[in-house]
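To keep things clear, I will list the structure first and then write my remarks on it.
The values are calculated or read from the model by the stated rules, or taken from the named source; none is laboratory data. Note that the structure is predicted; figures quoted are calculated from it, not measured. Glycine gets a Cβ as well: all are built from the backbone with ideal geometry, and neighbour counts include every protein chain shown. With ligands, DNA and RNA removed, areas are computed over all heavy atoms of the protein, side chains included. Shrake-Rupley method; radii C 1.70, N 1.55, O 1.52, S 1.80 Å.
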Amino acid sequence: QMFKGPDQDIEFIYTAPSTAVCGQPLDTGGKKEYLIAGKSEGNGKMHITLCDLVATWDSLSTTQKKSLNQRYQMGCECKV
């Protein structure tokens, strides 16, 4: 689910190969869901670094999840 971003889906997320060069370690086995904020190129690609927000969905509090799913779009004219 995309909360805010381009009109098209993100198909690829790129990051450096290790944290030593600002890469974000992600579980690519398909078992985890993430909340990710990064730089979108608008062509289905996104780049993330250690400076971007990356959190597992399970690590978010109930309030954070509710805020993203229900409250975020209140008073917003943007695509949510």
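What the table shows:
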| read-out | value |
| --- | --- |
| Separation in nanometres of the label points that stand 7 Å from Cα toward Cβ, at Thr63 and Cys51 | 2.9 nm |
| Translational D in µm²/s for the range 12-75 (Stokes-Einstein at 25 °C, 0.890 mPa s, Kirkwood Rh from C-alpha pairs) | 186 µm²/s |
| Of all accessible heavy-atom area on the range 12-75, the percent that carbon and sulfur account for (1.4 Å) | 54 percent |
| Label-point separation in nm, Leu26 to Asp9, each point 7 Å along Cα→Cβ | 1.4 nm |
